[in-house]
Amino acid sequence: MNDNDQSPMQSLWSGPDPHGQAALLLVESLLHGLIEKRTLTIEEAVVIVDIAADVKAEIAADIGDAPHALQKSLSLLKSIAASLRHDLDGR
């Protein structure tokens with residue numbers, strides 16, 4: 001094996017995680033659906049996403065997240081919160 005070869009684990013994790021992408025899309029869609037049905041307010045949804053970001057930041061070191069992985073996760077959560085806040089501003 002030389003430096004040009006990737007182990008199966010390296011190639012598995014080199015790109016975006018399809019399971020994570022699907023889960024994130026599902027949760028974001030669920031939040032929007034609950035808001036549409038008036039089961040959840042936009043404010044409550046923003047709080048949920050903010051709490052998720054806080055928890056992610058708190059547990060990152062414990063679960064061995066690399067700094068770039070943590071920042072990417074937080075960036076995605078912040079994007080969802082910003083989208084919800086935009087909906088809040090547009091009311």
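The values are calculated or read from the model by the stated rules, or taken from the named source; none is laboratory data. All of these numbers come straight from a predicted model, not from anything done at the bench. With ligands, DNA and RNA removed, areas are computed over all heavy atoms of the protein, side chains included. Shrake-Rupley method; radii C 1.70, N 1.55, O 1.52, S 1.80 Å.
For this structure, a couple of remarks:
- Gyration tensor verdict on region 20-61 (Cα atoms; rounded if a/c is under 1.5, prolate if a/b is larger than b/c, oblate otherwise): oblate
- Residues Arg85, Arg91, Arg38, sorted by accessible area with the largest first, give Arg38, Arg91, Arg85 [1.4 Å probe; ligands and nucleic acids excluded].
- Cα-based shape type of region 41-90, given that a ≥ b ≥ c are square roots of the gyration tensor eigenvalues and the cut on a/c is 1.5: oblate
- Rounded accessible area per residue of region 41-90, 1.4 Å, Å²: 64 Å²
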